[in-house]
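Please treat every number below as a calculation from the coordinates, not as lab data. From a predicted model like this one, the values you see are computed outputs, not experimental measurements. Quick reminder, even Gly has a Cβ in these numbers, built from the backbone with ideal geometry, and neighbours come from all protein chains shown.
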């Protein structure tokens, strides 16, 4: 079997395994969707409870509470109904689904607006802010979430886990409640941003439903409406493109802003941890993204920055691809400021210096202790060593060892041993070389530095 035949065989096996037609319950799916479109009885109460739960979750910034609201929200029913109705050209179902969806949206906006108007917590938390700037990624989540949802609903045995997961991923209730927050606080950018997110989520869930219904060849309600079907499909494509344009633009802005913020934080961290600014303290920084010219403001306290340090700060921007970013540097020393605050800053800077000095003192004291122990243990050894050498070299007077320690800029310690050999009469060079080799071998210190001296 050739390569082409193997690929063809694998493709056929994949299509057979991925087939959806054998397990599709067409009539049951249509009836199930029609029943979920309605807004009466249970759905009315569930919607009301979900609105309150989602609003509270957004207000107190609780992700778990928001997820609970998404799981019980009935908003998905009319949206899937819209997609199904266009897919099978059922105008009666379309009108009913659209009417109930608009009614659900109105109820949600009124309830959430009232809640946030009465709530004592007025600050926008991160969960609220996350629903005000929809991007193309939200479009992708809604579309593929919608595909997963309608596939699960068309199975003879519906997967509750899949449908629940789609409800969480596509997040319909939180954007509506965020829009209510925007109305309650008169923050129109929040209202329009959140409502646009709800709109694109709803539209692309419905579009995904339409696409899957046609892919599974659901029967049209009227076989005579083929032209209407083509026209509806063309309108969906055009409308989808128009809807996506703002989200693509927003996505580009969000990506650029995120890239700038990440680079700015790395740049600032590199300065805070840089020994080049040991006499200064970076006490405050600000970063502001702008599509034309972003800005970073650094505020220092301590000694005045030198020309070299200024030059370093500006050139260091290039290392983080911030070469187009404006940099402003402030030094508190020359500006009129709150002296109580200035004193606190100086205290912090002095404390920082004291900590470094204490660390170095600790290292030095530790080395001194080690040196004292080493010298005490070596006294007996050197006494014995002198006796052995005097047997061969009668003119040898004494030997002594000096242990020197040092600490570099990185707090790395080093101990160096130097042995001094004192003679009454200096031996010749050959004898000196023999003594050096013997001592290094005897002490197992091949790098031992040995100095020959003559007694005066």
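What to note about this one:
- Two-site label geometry, residue 48 and residue 28: point separation in nm, points 7 Å out along Cα→Cβ: 3.4
- Pairwise FRET efficiency - residue 400 versus residue 430, Cβ, R0 = 22 Å, nearest 0.05: 0.40
- Of 423, 188, the sequence from fewest to most neighbouring Cβ atoms within 10 angstrom is 188, 423.
- The protection proxy used here, the mean number of other Cβ atoms lying within 10 Å of each residue, ranks peptides 436-447, 108-119 as follows, highest first: 108-119, 436-447.
- Distance in nm between pseudo-label sites at residue 286 and residue 9 (7 Å out along the Cβ direction from Cα): 7.0
- Gain on full extension, evaluated as 0.36 nm per residue between residue 308 and residue 269 minus their Cα-Cα distance, stands at 12.1 nm.
- Taking 0.36 nm per residue of separation and subtracting the Cα-Cα distance, full extension of the segment from residue 253 to residue 231 would add 4.5 nm.
- Compared with the alpha-carbon gap, the fully stretched path from residue 114 to residue 192 is longer by 26.3 nm at 0.36 nm per residue.
- Between residue 438 and residue 451, the simple spin-label model (points 7 angstrom out along Cα→Cβ) gives 2.3 nm.
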